[in-house]
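The values are calculated or read from the model by the stated rules, or taken from the named source; none is laboratory data. It should be emphasised that the depicted structure is a prediction, and the values quoted were computed from it without experimental measurement. Virtual Cβ from ideal backbone geometry, glycine too; neighbours counted across all protein chains shown.
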Amino acid sequence: MKNVLLSALLVASLASPSLAGSKEKILLVEQCDRKGHETYSLMSSEEYKELAAEIKAESRLHMKVMMATEKEWRKDESFAGKTFPRSAISVRKIRVVTTYTDDEQAQKKLSYYMDKEARTAEKKAERDRRMGRGRRGRRDSDREAKKEARETEKEARAEQARQMYENKLSELLQGTANKDAAEAAPAAAGH
């Protein structure tokens, strides 16, 4: 009986980081920004919780912000006749890839993912370069120049839409924070 109790305590102490006296957990995190680009980083559990809470609050307001941004876009005369680039604005996301207690292992895994990202970007650039190669006449080069100009203009509009979205989001988040503070003040005064 004593051996069973001791072994149960030993297993519990190894499973619980606070009892085992282990190092702080290091999280390898994948983040997706508004453009839809993924990045990897290392952070502590507290940093992750704060960022996850921030992203969750933003996600709750996403549709409301998107509608307000689109409404503002339509009112702006400089965008007359241009459709609002909804697909250019993604909801920020975050997820834990894995957890480490050893900083060296975490750094190795992070560099692996960063190298993987670089290789993927290289392959895409190589593929794009190969697709652009070949016989080109004057007509083809003019067509390519026009296509490139359209793409540049499209990306500029998307960036403007993302900036408008960020502004609207910060306004709504600020309004939500003020509303929460106003609701909390009478409740605290009543007790």
* Would you call Gln174 within 30 Å of Lys49 (Cβ to Cβ), of a type outside the set (Ser, Thr, Tyr) and either in a helix (DSSP H, G or I) or modelled with pLDDT under 90 (or both)? -> yes
* Output the residues belonging to region 69-90 that are touching a residue at least 40 places away in the same chain (Cβ under 8 Å) and either of a type in the set (Asp, Glu) or over 12 Å from Ala161 (Cβ atoms) (or both). => Glu72
* In region 26-55, the residues that are in a strand (DSSP E or B) and either of a type in the set (Ser, Thr, Tyr) or farther than 30 Å from Arg157 by Cβ (or both) -> Ile26, Leu27, Leu28, Val29, Thr39, Tyr40, Ser41, Leu42, Met43, Ser44
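Taking region 103-141 as the search range and keeping residues that are surrounded by 11 or more Cβ atoms within 10 Å (Cβ to Cβ) and of a type in the set (D, E, K, R), which one is modelled with the lowest pLDDT?
Checked region 103-141; the qualifying residue modelled with the lowest pLDDT is Arg136.
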* Asked: Of the residues that make up region 146-155, is at least one modelled with pLDDT of 90 or more, of a type in the set (Ser, Thr, Tyr), closer than 27 Å to Ser41 by Cβ and within 24 Å of the chain's Cα centre (by Cα)?
  -> no
* To do: Search region 160-172 for residues being within 16 Å of the chain's Cα centre (by Cα) and over 13 Å from Leu61 (Cα atoms), and hand back the single one that is surrounded by the most Cβ atoms within 10 Å (Cβ to Cβ).
  => Arg162
* Output yes when any residue across region 66-74 is touching a Leu at 6+ places or on another chain (Cβ under 9 Å), within 23 Å of Ala156 (Cα to Cα) and surrounded by 13 or more Cβ atoms within 10 Å (Cβ to Cβ), and no when none is. => yes
* Do any residues in region 144-172 that are under 25 Å from Met131 (Cβ atoms) have Cβ atoms under 6 Å from those of residues that are surrounded by fewer than 14 Cβ atoms within 10 Å (Cβ to Cβ), where the two are at least six apart or on different chains, and which pairs are they? -> none
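So that you can scan it fast, the table gives a plain yes or no per residue for (1) within 24 Å of Leu169 (Cβ to Cβ); (2) modelled with pLDDT of 85 or more; (3) under 20 Å from the mean Cα position of the chain (by Cα); (4) among the small types (Gly, Ala, Ser):
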| position | (1), (2), (3), (4) |
| --- | --- |
| Val4 | no, no, no, no |
| Ala8 | no, no, no, yes |
| Ser16 | no, no, no, yes |
| Lys23 | no, no, no, no |
| Gln31 | yes, yes, yes, no |
| Glu46 | yes, yes, yes, no |
| Ala57 | yes, yes, yes, yes |
